[in-house]
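Report on the following structure.
Each reported figure results from applying straightforward, stated rules to the coordinates on display, with no laboratory input. Note that the structure is predicted; figures quoted are calculated from it, not measured. A quick note on method: Cβ atoms are made from the backbone with ideal geometry, for glycine too, and the neighbour counts reach across all protein chains shown.
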Amino acid sequence: MFKKILLAVLLLSLVSSISFLAAYFYLNQEGIFKSGLLSPRISQESKVKELPLLQYSIENLAQKNFEAKKPIKIEKIISNNPEKKTYILLFSYESQGKNISGALNLKLDQTSLIKPVILMIRGFVPLEGYFSGAGTKNAAAVLAENGYATLAPDFLGYGNSDIEPSNTWEARFIKVANVIDLLRIIETFPEIDLSNIEELPIKQIILDTEKIGIWAHSNGGQIAVSTLEVLGSNLPTTLWAPVLAPFPYSIMYFTDENDDEGKEARKYLSQFEADYDVFDFSLTKHLDRLNGPIQIQHGTNDDSALVSWTEEFLAKVDLENESRATASSELATQSAEKNEIKIDFYKYPGANHNLQPNWDEAIQKDLSFFAKNMLK
C-alpha cells in the first residue's frame with residue numbers, strides 16, 4: 001500500500017512540473033513575460049517619459065542642423081512710397097515644416113542691388129488688428145531708406161503664416177528656430193527673385209551674406225539673444241526695451257494682472273517644471289555662448305519690460321566677461337579683449353516702452369551702430 005501511495009505522489013509531482021514548464025514555455029514564447037504584463041510595476045518604472053520640448057533647449061538647438069531647402073518667395077506688394085522708391089513686400093519662407101509670412105522693406109533703385117540685411121524681430125502684438133510688419137514697421141522704414149533690406153517674420157499664427165503649435169510652451173520656444181531658419185535661407189539663397197511682381201522696377205536683388213544684423217524690440221530681444229546663444233554668433237544686434245529677465249520669471253511677472261491673479265499660469269508652470277529644467281531654456285544661463293557686438297536702448301519709464309531687467313542682465317554679462325578674462329589669461333591663447341561680450345547700453349530717462357520721446361535719437365544710434373559693425 002505504501003509503495004502505491006508513494007508512486008501516486010511522484011506521478012502527481014511529475015505532472016505538476018510538466019504543466020508548469022509547458023505554461024512557462026507558452027507564455028515566454030508569446031512574449032507575455034517580455035512585455036511586462038506580469039509585472040506592471042516594472043513596466044511603469046522602465047518606461048521613459050517623452051519630453052518633446054527638450055528639442056528647443058538652447059543646447060539642443062545649438063546641436064541641430066538647420067538646413068535651408070527653399071528660397072524666400074515674394075508674394076505681393078503691401079505698400080510703396082514712389083517718392084522715396086521704397087517698398088514693403090509680403091514674403092514667405094519655410095520653417096520647421098511650416099510656412100511663415102513676413103514683411104520685406106527695401107529701397108529699389110539702380111544705385112545698389114546688393115543689400116545689407118537686418119532681421120527685425122518684434123515683441124508681443126495682439127492678434128486682433130495685426131498686419132505684416134506690425135511692431136517693426138517704423139524702424140524698418142528708416143533702415144530701408146538708408147539702403148538696408150529688412151525682413152520681419154510674422155511668426156506662426158500671424159499674418160499669412162500657418163497656425164502656431166497648440167502647446168503654449170512650444171509656440172514660445174519655436175520662434176528661435178524660426179529665426180535661425182530664416183538666417184540659413186538668407187545665407188543659402190541670397191538672390192531674391194522679384195520677377196513675379198510686374199510693378200517692381202527691378203527684378204532681382206542680392207542679400208549680402210557678409211553683412212547681416214538683427215534689430216529686436218521687447219520680447220523680440222529675448223528671441224534675439226537666445227538666437228545669438230544658439231548660434232554662438234557675433235551678428236551685430238541692437239535691442240530696444242528688451243525682455244532680458246530669466247525664464248520663466250519674465251512670463252510670470254505680469255500674471256497678477258489676470259482675473260485669477262495668475263493662479264492658472266502658476267499651475268501651468270508647475271506642470272512644466274515637473275518635467276523640465278527651466279535653466280535649459282533661460283538665456284541668462286547660457287551667457288557662455290553669447291558674443292557681441294550688442295547695443296541696448298531702454299527707457300526708465302518702461303512698464304512693459306523693466307529697465308532693471310536689462311541692468312541685472314548687464315551685471316551678469318560683466319561676471320561672464322570677468323570669467324572669460326581669467327580663463328583667457330590662464331590659457332594665454334587669446335586676449336580677453338577679443339573674447340569679451342561687448343555691449344553698449346543707452347538709458348533714456350522718462351522714455352516709455354517704445355522709447356518715446358527719444359525715438360529719433362534711438363534710431364540714429366542704430367544707424368551708427370550698424371554702419372560701424374556691418375558696413376566697415
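Taking 31 Å as the cut-off for C-alpha to C-alpha distance, list the pairs among K64/K347; K49/K316; K73/K211 that go past it.
Over 31 Å apart, Cα to Cα: K64/K347; K49/K316.
Under the rule of at least 5 residues apart or a separate chain, name every residue whose amide H is placed under 5 Å from the amide H of S95.
I100
Please give me the summed charge of the neighbours of A144: other residues whose Cβ is under 15 Å from its Cβ, Lys and Arg +1, Asp and Glu -1.
+1
Out of residues 5 or more away from L119 or on other chains, whose amide H comes under 5 Å of its own, with H placed 1.01 Å from N in the peptide plane?
L151, G213, I214, W215
Only Cα pairs under 8 Å and at least 6 apart count here; give the relative contact order of the stretch 56-374 as a rounded whole percent.
Value for the stretch 56-374: 17 percent.
Please name which of N167, H353, L290 has its Cα lying farthest along the dipole of the stretch 56-374 towards the positive end, using unit charges on Cβ (Lys, Arg +1; Asp, Glu -1) and the Cα centre as origin.
Going by the Cα projections, it comes out as L290.
Skipping prolines and chain starts, which residues have an amide H placed within reach, meaning under 5 Å, of the one on L207, given they are 5 or more residues away or on another chain?
It is K115, E191, I192, by chain and number.
Assuming 0.36 nm per residue, please report the length gained on full extension of the stretch N167 to N234 beyond their Cα-Cα distance.
Length difference between fully extended and current span is 21.0 nm.
Output wanted: per-residue J couplings in Hz (rounded whole) for the stretch 364-375, from phi through Karplus 6.51 cos²θ - 1.76 cosθ + 1.60, θ = phi - 60°, x for Gly and Pro.
For the stretch 364-375, the Karplus-derived couplings read 5, 5, 5, 4, 5, 4, 5, 4, 5, 9, 10, 9 Hz, x marking Gly and Pro.
Calculate how many DSSP beta bridges within the stretch 56-374 are antiparallel, expressed in % of all such bridges and rounded to the nearest 5.
Antiparallel bridges: around 50 percent, rounded to the nearest 5.
Please rank M374, M252, fewest neighbouring Cβ atoms within 10 Å first, as an exposure proxy. Before the final figure, lay out each step's value.
Values: M374 19, M252 14.
Listed from fewest to most nearby Cβ atoms, that is M252, M374.
Considering only DSSP states other than H, G, I, E and B, which chymotrypsin sites (Phe, Trp or Tyr not before Pro) in the stretch 109-170 qualify as loop sites with at most 15 other Cβ atoms within 10 Å?
Answer by residue number: F124, Y130, F131.
Could you give each residue of the stretch 181-191 its phi-based ³J(HN,Hα) in whole Hz, using Karplus coefficients 6.51, -1.76, 1.60 with θ = phi - 60°, and x for Gly or Pro?
My calculation for the stretch 181-191 gives 4, 5, 4, 5, 5, 4, 5, 8, 10, x, 7 Hz in order.
Only loop residues by DSSP count here, and only those with at most 10 other Cβ atoms within 10 Å; note down the GluC sites (Glu not before Pro) in the stretch 45-110 that meet that.
Answer by residue number: E50, E67, E83.
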